[in-house]
1. For the range 72-128, go through all pairs of different Cα atoms, get the mean of 1/r, take its inverse, and jot down that Kirkwood value in Å.
2. Please turn the phi angles of the range 164-176 into ³J(HN,Hα) values with the Karplus equation 6.51 cos²θ - 1.76 cosθ + 1.60 (θ = phi - 60°), one per residue in order, whole Hz, x for glycine and proline.
3. Take S76 and M1, extend 7 Å from each Cα along the Cα→Cβ direction, and tell me the distance between the two endpoints in nm.
4. What list of ³J(HN,Hα) couplings, whole Hz, do you get for the range 207-212 from phi and the Karplus terms 6.51, -1.76, 1.60, once you set θ to phi - 60° and write x for glycine and proline?
5. How high is the FRET efficiency from A115 to Q148, r the C-beta distance, R0 35 Å, rounded to 0.05?
6. Can you pull out the GluC sites (Glu not before Pro) in the range 14-117 whose DSSP state is coil and whose Cβ has at most 11 other Cβ atoms within 10 Å?
7. Ranked from highest to lowest mean number of other Cβ atoms within 10 Å per residue, what is the order of the peptides 45-52, 175-182?
8. State the percent of C-alpha pairs, over all pairs in the range 5-80, separated by a distance greater than 18 angstrom.
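Quick note: the coordinates plus some simple rules give every number you see, no bench work behind them. None of the values given here were measured: they were computed from a predicted structure. Because the Cβ atoms are built from the backbone with ideal geometry, glycine has one as well, and the counts that use them run over all protein chains shown.
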Amino acid sequence: MKNIIEISKLSKSFPSPDGEEMVHVFNEVDLVVETGSSVAIVGPSGSGKSTLLNVIGLLDKPTKGSIEVNKQSLGSLSDREVAEYRNQTVGFVFQSHHLLPSCSVLENVMVPALAGFGKLGGDELRNRATELLKDVGLDHRLSHLPSQISGGERQRVAVARALINNPSVLLADEPTGALDQSNSNNLIDLLNQLNEEKEVTLLMVTHSVDSANQMKHAYHLSGGSLGQQR
Ligand code: ADP
Ligand code: MG
């Protein structure tokens, strides 16, 4: 099996608010993820889980170390290539759905395809967005606004939106953190189903042991180190 993500000796530090010293979030972290796998990252609050995911998604830059995704080294990308990577190679789902309140469910799902990197447009784009909304069980809510659907449904729209550009990797940061138990279980089932059917590699930060147990592998981040649990 090929590896889609290869991370070597990755470190991230932030300057302290007074700028006097550096706060080391994680140090020389290694992580290898096989194509099509699903991986949970667990760990205490403040251990750097979001920071790690943000660095892999190039929402933030590492301090040291290397990340390869699809054999592409992320350290050497131009600004335009970074924007293209964020838009095409990875999809993001956060704890909060971040849907545009005045756009319909269907329009929200199409938004990332309008950035100019993909080839989808017009009817093709509309059809793909509709298909994805069908995959997440929301094809009967296409014209609704985010305020007119439930919290669990909004998070499903966010998942469909994350997949519109057919990313290789889905990065999910506590995607069930704002959901009740039943919606949370449904969302994890959906992510697993999409991981299998769409062959999108799933990297999920969670503090739920139940959710982590449903991923193929689990890692624990604490004290600046990442250890494999299974
Ligand atoms: P987690 O997601 O595991 O709860 P985070 O990745 O959000 O943890 O944060 C890890 C540590 O990094 C925290 O101590 C936090 O204060 C620090 N941190 C995160 N972002 C910044 C930033 N932009 N500037 C300074 N420190 C930050
Ligand atoms: Mg976090």
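1. Roughly 13.1 Å, rounded to one decimal.
2. 4, 8, 6, x, 7, 10, 9, 9, 10, 9, 6, x, 9
3. Output for this residue pair reads 2.8 nm.
4. Ordered by residue, 3J(HN,Hα) equals 9, 8, 4, 4, 5, 4 Hz.
5. 0.85
6. Within the range 14-117, the qualifying GluC sites (Glu not before Pro) (loop, at most 11 other Cβ atoms within 10 Å) are E20, E21.
7. 45-52, 175-182
8. Within the range 5-80, distances greater than 18 Å cover 42 percent of Cα pairs.
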